[in-house]
Amino acid sequence: MSGAAEQLAVVDPDREKYLVCQEPFYRAVADEVDNYEAAWRVRMPVMLKGPTGCGKSRFVEYMAWKLQKPLISVACTEDMTASDLVGRHLLDIDGTRWQDGPLTVAARIGAICYLDEIVEARQDTTVVIHPLTDHRRELPLEKNGELVRAHADFQLVISYNPGYQSLMKDLKQSTKQRFGGIDFGYPAAEVEAEIVAHEGGVEREIADKLVQVGSSSRNLKGHGLDEGMSTRLLIYAAQLMAQGVEPAAACRMALVTPLTDDPDMRDTLHAAVDTYF
């Protein structure tokens, strides 16, 4: 048996549990699907940039399903260490053993590893991805004395919201320039209403009104709001309405209350809701 065949024989059982078995609903808005497929064929690391709740994570899930590749997702936080990504030694009843982290597992089994909101992680943590994102495609496990050479199918995908960039929370150029990039934004109103109706389980007329409320809030970004209502929040409101919650109450719970604590801004958003409902 060749080395590659032997590797596949070992890791196939692990790959199975990370496969996306059912097709996630994703509505393409441009050429992002074709571009991602081209990037995957050459195993180019990919960076997804866009506002919160616009569909970046759903897109990755959909592409993993479409390509029939395992997907391992990591929600990055400011407390995340390099060991959380690559692995660490654990002590159990049998003594000390090594436990792979999600990045290492993905490299071994040939999964798509998705690091969501990468800028939330500390910069000294994100440096560990560098050897996996150039011609080397390898991951040194210094604490384990091992060099993991990435499986042929391995691909790294990261995402972040440029709207929250700052000097303290931004990617270094040495990291950015290892990735191809795809820009995401909120879809055009007609497309967004289609998504909200499908995912929220409501009539198109209601979805249209929710999208109009969302658009009104996005016009307030930088004028009292850090971010407008995301497509995700609009879907939440639709789902509440589909459960029989009155539109005003559904919008208050899903759209207004999560977005701001400022009383004046809440009044402005409530007025927008009243306009359409």
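The values are calculated or read from the model by the stated rules, or taken from the named source; none is laboratory data. Please read all numbers here as calculations on a predicted model, not as lab measurements. Glycine also receives a Cβ, built like all others from the backbone with ideal geometry; neighbour counts cover every protein chain displayed.
Conditions (1) assigned to a helix (DSSP H, G or I); (2) small (Gly, Ala, Ser); (3) touching a helix residue (DSSP H, G or I) at 6+ places or on another chain (Cβ under 8 Å), marked per residue:
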residue	(1), (2), (3)
223	no, no, no
229	no, no, yes
240	yes, no, yes
244	no, yes, no
249	yes, yes, yes
254	yes, yes, yes
258	no, no, yes
261	no, no, no
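If the requirement is being within 25 Å of residue 89 (Cα to Cα) and over 16 Å from the mean Cα position of the chain (by Cα), which of these qualifies: 202, 191, 148, 196? Unique residue meeting the criteria: 148.
Yes or no, residue by residue, for (1) outside the structural domain of residue 32 (by TED's automatic domain parsing); (2) farther than 19 Å from residue 26 by Cβ:
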site	(1), (2)
148	no, yes
152	no, yes
157	no, no
179	no, yes
207	yes, no
233	yes, no
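Being more than 24 Å from residue 64 (Cβ to Cβ), of a type in the set (Gly, Ala, Ser) and touching a residue at least 40 places away in the same chain (Cβ under 8 Å) is the requirement here; does residue 159 meet it? For residue 159, the condition - more than 24 Å from residue 64 (Cβ to Cβ), of a type in the set (Gly, Ala, Ser) and touching a residue at least 40 places away in the same chain (Cβ under 8 Å) - is not met. In this structure, residue 42 does satisfy being in the same structural domain as residue 175 (by TED's automatic domain parsing), modelled with pLDDT of 95 or more and either under 20 Å from residue 232 (Cβ atoms) or of a type in the set (A, V, I, L, M, F, W, C) (or both).
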